[in-house]
Amino acid sequence: MEIFNYFFHLGIIFSIYSLLVLSSNLSLGYGGLFNLALPGLALIGAYTSSLLSLKTNLPFGVIFVITLILGYLVGWIISKITNKLRGDYLALVTFGFTFIVFTLALNWESLTRGALGLPSIPKPKFLFFQIESLIEIFIFYYLITFIVYLFLQKLIFSPLGRSIQALRDDELAISVLGRNPLRIKSLVLGISGLLSSLAGILYAHYLSYLDPYSFGLGDLIFILSALFLGGLADNRGALLGTFLLIIIPESLRFLPLPSYLVGALRQIIYSLIIIIILWFRPKGIFGKIDLS
């Protein structure tokens, strides 16, 4: 029975991080926006949902919607602050945002309890259904991930989706055609913020514990590694890259290695995968954009 629980746990972790990689694929793969704010946005979603659940009597469905709206608004605000930035400059500013959110979560102890974290976060509950068992959480999270995947596929193959990809390829061209690139950028970063907040909600209510280190630089490395491995501008690649980068490091647990080596080997594997992909297959497995 424990082995089944272990695989259910891995599946749940896959569904959570798939949302972050899909979010990154929307902003970077399709929109050409090097957005490194995803861990910070996930922290905002996780803390907002957790604090509202612990300190108010609001139904989880209401908290869920409030947190998603906040995630979208924060992403939209980031787009307004960075509306004249592209490439490396956008990456630096959005990474700075993640650092600011981490610092606030760590030092605003009266609200977040700082490094002590938030324990006893309740499990999700919609209407009269309390989602507690591992298999219930597994089904619920995969249903959400599937809906998000279908939504993104519908978006990308719509006229708006073609405008998003045009923003990546030639911003001047879409301006000439009468589309507002700043409005499209705001939409992309807003949706990216919403999806990242969604991942934060699912993470916090699954583990029932949250601290400032729940999302950070390590998660950002994972997200980009999975995205580059699967390939930019293809949501199938985002899912495949996430799956491989969860399964490959987990396989190290079954090798006769000292525990202190496992963490270091995971980081080495991430680095090697990026080097190999960039060298032998710059587009990734399913990617449509050359990273070289």
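The values are calculated or read from the model by the stated rules, or taken from the named source; none is laboratory data. Note that this is a predicted model, so its numbers are computed, not measured. All Cβ positions, even for glycine, are placed from backbone atoms using ideal geometry, and neighbour counts span all protein chains on display.
Structure notes:
- S133 satisfies every condition listed in (1) of a type in the set (S, T, N, Q); (2) over 23 Å from G237 (Cα atoms); (3) within 22 Å of the chain's Cα centre (by Cα) except (3).
- Residues of segment 41-98 classified as among the β-branched types (V, I, T) and surrounded by 18 or more Cβ atoms within 10 Å (Cβ to Cβ), total: 9
- Condition check for A204: buried (at least 18 other Cβ atoms within 10 Å of the Cβ), closer than 29 Å to S120 by Cα and not hydroxyl-bearing (S, T, Y): yes
- Conditions (1) more than 27 Å from F243 (Cβ to Cβ); (2) modelled with pLDDT of 95 or more; number of the one not met by N57: (2)
- Of all the listed residues (V62, V74, V93, V101), the sole one being free of Cβ contacts under 8 Å to residues at least 12 places away in the same chain, assigned by TED's automatic domain parsing to the domain that holds G190 and β-branched (V, I, T) is V62.
- Taking segment 223-246 as the range and being modelled with pLDDT under 90 and either within 14 Å of the chain's Cα centre (by Cα) or among the polar types (S, T, N, Q) (or both) as the test, only S225 passes.
- For segment 105-144, a tally of residues being touching a residue at least 40 places away in the same chain (Cβ under 8 Å) and over 17 Å from A46 (Cα atoms) returns 6.
- Just so you know, in segment 141-183 the residues that are assigned to a helix (DSSP H, G or I) and of a type in the set (S, T, N, Q) include one that is nearest to L33 (Cα to Cα), and it is Q165.
- If you go through segment 116-129 and pick out every residue that is modelled with pLDDT under 95 and hydrophobic (A, V, I, L, M, F, W, C), you end up with 4.
- Residue within segment 28-40 that is surrounded by fewer than 24 Cβ atoms within 10 Å (Cβ to Cβ), assigned to a helix (DSSP H, G or I), touching a residue at least 12 places away in the same chain (Cβ under 8 Å) and in contact with a Phe, Trp or Tyr (Cβ under 7 Å, 6 or more places away or on another chain) present: no
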